[in-house]
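**Q** Provided herewith is a single structure, encoded as structure tokens, for subsequent inquiry.
The values are calculated or read from the model by the stated rules, or taken from the named source; none is laboratory data. Predicted, not measured: the structure shown is a model, and the values here were computed from it. Every residue, glycine as well, gets a Cβ built from its backbone with ideal geometry; the counts of neighbours run over all protein chains shown. The accessibility values were calculated without ligands, DNA or RNA, using every heavy atom of the protein model including side chains. Shrake-Rupley method; radii C 1.70, N 1.55, O 1.52, S 1.80 Å.
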Amino acid sequence: MSLFAMGFLLVILQPSTCQFPKACANTQSLLRKECCPPWDRDGSPCGVLSSRGSCQNILLSQAPLGPQFPFSGVDDREDWPSIFYNRTCKCEGNFMGFNCGECKFGFSGPNCTERRLRMRRNIFQLTTSEKDKFLAYLNLAKNTPSQDYVIATGTYTQMNNGSNPMFRNINVYDLFVWMHYYASRDTLLGGSNVWRDIDFAHEAPGFLPWHRVFLLLWEREIQKITGDENFTIPYWDWRDAEDCVVCTDEYMGGRHHTNPNLLSPASFFSSWQVICTRSEEYNSQQALCNATNEGPILRNPGNNDKSRTPRLPSSAEVEFCLSLTQYESGSMDKMANYSFRNTLEGFADPRTAISNISQSGLHNALHIYMNGSMSQVQGSANDPIFLLHHAFVDSIFERWLRRHRPVLEVYPAANAPIGHNRENYMVPFIPLYRNGEFFKPSRELGYDYEYLQEPALDSFQEFLIPYLEQARQIWAWLVGAAVIGGIVTAVLTGLILACRKKRRGTSSEIQPLLTESEDYNNISYQSNF
């Protein structure tokens, strides 16, 4: 695209939209650019009367971005969420939420002072009743309107800069499908032009922290609508799997007996309708997904392009990925080499860590293997297997954090693709979360993985691995030091023996009677040493 064309598009483009707290989806909030709803317990904005928080100006990161997005001021997601709000609730202590009415992840109680650790478990280790409850919760979320959030049905420009609000309600499950779509959608540049090389949730450092927040928020919404405070998302450990073992009617839906692209009628997932799957249609119309139904879930596992993804990932590939010491490297996008993030995401070869976008490994491999709704980035969360898959991907991220124990500064502070610097707010979440805030062990966020808890030997091995890795890197120096130490010891021993021999050769009148001396043992010990 020429510089002239870019300049022209900057003038004609229309910004895109986000998800909003219902309390801020009104003319007054948009015109004031303020989202500081009252806490219902004391009626004050952000619960200020109860010292839970206060309404404050948003502090945006000024760190430079990478070169992948050559525009400025053309997308509502830039400098999130400043196009809509420049004042939001800043919560104190362990309080959290768009009105500071909730507790931070990992805390509970009326004053958010009680630590809480929840356990994510392997879906195949759930009892029948636990598994059935999880499936029922999914279906409930699909049929329950969100009480807190709405989605926008028009751009900020179409809303007349806030004077004409355009929103609609959405169910809890589809709210998260829509958010995933919104974060990864193309930038509309007016006419028939779009910019595709942009993604606020993928292909860059924020991939793992963003999906970590996504799952935590999803768990919290399920906990709200069910009253089950102990609910966690189960994971599917797909390492070395020969096929989609969760693709049965007992679990996530089997294959239709006459149409292999559909789910079995025996699964209630077969009645689900997908949203936000027609990205090319939205682009051509310069429109946004408005969450209308677009047909059933599609899935045909294993009948994918084998030249791109020949099989599901192996244990060896996961272990190699975990051995990588750099979280991010180079351009910090899908071309990064020797990057743990890029290798786990699947744009780098899981055997060499060299970028190869013609292949799909690890995380990406699972999406491609499903060969349906899961295989298109923007609409992939329509398939509930998405949750099981990303819970396991998050557990691999957690293993890397525990193995390498990185400091926060390991996460890039600058020059990452747009939206992915350490201090950037994640799109499109309100309340606001920075990428760097979730570059930490899961226990600090109130959850853990069952398979990372046992057996104890595995945990000990995980603890030793970083030190063994360091030893491997300096092995040649250690060997050299041992050889030199051996030579020095031999020389010293020779000198000592020579001195002893010389002493034995002196006259008996001046030779001490060592065998009769109390110092014999001390002299012998010193010689050996």
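**Q** Quick check on this structure: which one of 150, 194 is under 18 Å from residue 286 (Cβ atoms) and open to solvent by less than 30 Å² (accessible area, probe 1.4 Å)?
**A** Going through 150, 194 in turn, just one is under 18 Å from residue 286 (Cβ atoms) and open to solvent by less than 30 Å² (accessible area, probe 1.4 Å): 194.
**Q** Pull up the range 123-135, narrow it to residues that are open to solvent by 50 Å² or more (accessible area, probe 1.4 Å) and part of a helix (DSSP H, G or I), then point me to the one that is nearest to residue 386 (Cα to Cα).
**A** Step by step, filter the range 123-135, then rank; the result is 124.
**Q** Kindly provide the set of residues from the range 263-282 that are assigned to a loop (DSSP other than H, G, I, E, B) and surrounded by 20 or more Cβ atoms within 10 Å (Cβ to Cβ), ordered by number.
**A** 267, 272, 274, 275, 276, 277 - these are the residues of the range 263-282 that are assigned to a loop (DSSP other than H, G, I, E, B) and surrounded by 20 or more Cβ atoms within 10 Å (Cβ to Cβ).
**Q** If a residue must be touching a residue at least 40 places away in the same chain (Cβ under 8 Å), out of contact with any His (no Cβ under 9 Å at 6 or more places or on another chain) and not small (Gly, Ala, Ser), how many such residues does the range 348-381 contain?
**A** 6
**Q** Please enumerate the residues belonging to the range 76-88 that are open to solvent by 20 Å² or more (accessible area, probe 1.4 Å) and hydrophobic (A, V, I, L, M, F, W, C).
**A** Within the range 76-88, just 83 meets the criteria.
**Q** Which of the residues belonging to the range 95-113 are open to solvent by less than 50 Å² (accessible area, probe 1.4 Å), touching a residue at least 12 places away in the same chain (Cβ under 8 Å) and either hydroxyl-bearing (Ser, Thr, Tyr) or assigned to a loop (DSSP other than H, G, I, E, B) (or both)?
**A** Result: 97, 98, 99, 100, 101, 105, 106, 108, 112.
**Q** Moving to a separate point now. With the checklist (1) buried (at least 18 other Cβ atoms within 10 Å of the Cβ); (2) in a helix (DSSP H, G or I) in hand, flag the one item residue 220 doesn't pass.
**A** It is condition (1) that residue 220 fails.
**Q** What are the residues in the range 191-236 that are within 20 Å of residue 342 (Cα to Cα) and charged (D, E, K, R), if any?
**A** Listed by number, the residues that qualify are 196, 197, 199, 203, 212.
**Q** Scanning the range 228-254 for residues that are within 17 Å of residue 367 (Cα to Cα), of a type outside the set (Gly, Ala, Ser) and in contact with a Ser or Thr (Cβ under 8 Å, 6 or more places away or on another chain), which turns out surrounded by the fewest Cβ atoms within 10 Å (Cβ to Cβ)?
**A** 240
**Q** Tell me whether the range 380-395 contains one or more residues that are open to solvent by 10 Å² or more (accessible area, probe 1.4 Å) and outside any helix (DSSP H, G or I).
**A** No, the range 380-395 contains no residue that is open to solvent by 10 Å² or more (accessible area, probe 1.4 Å) and outside any helix (DSSP H, G or I).
**Q** Do any residues in the range 199-228 that are at negative phi and small (Gly, Ala, Ser) have Cβ atoms under 6 Å from those of residues that are at pLDDT 95 or above and part of a helix (DSSP H, G or I), where the two are at least six apart or on different chains, and which pairs are they?
**A** 201/183; 201/184; 201/210; 206/435
**Q** I'd like to know if the range 21-44 contains one or more residues that are of a type outside the set (A, V, I, L, M), more than 19 Å from residue 150 (Cα to Cα), within 26 Å of the chain's Cα centre (by Cα) and at pLDDT 95 or above.
**A** No; the residues of the range 21-44 include none that is of a type outside the set (A, V, I, L, M), more than 19 Å from residue 150 (Cα to Cα), within 26 Å of the chain's Cα centre (by Cα) and at pLDDT 95 or above.
**Q** Moving on. Can you find, within the range 153-191, the residue that is nearest to the chain's Cα centre (by Cα) among those that are part of a loop (DSSP other than H, G, I, E, B) and buried (at least 23 other Cβ atoms within 10 Å of the Cβ)?
**A** 185
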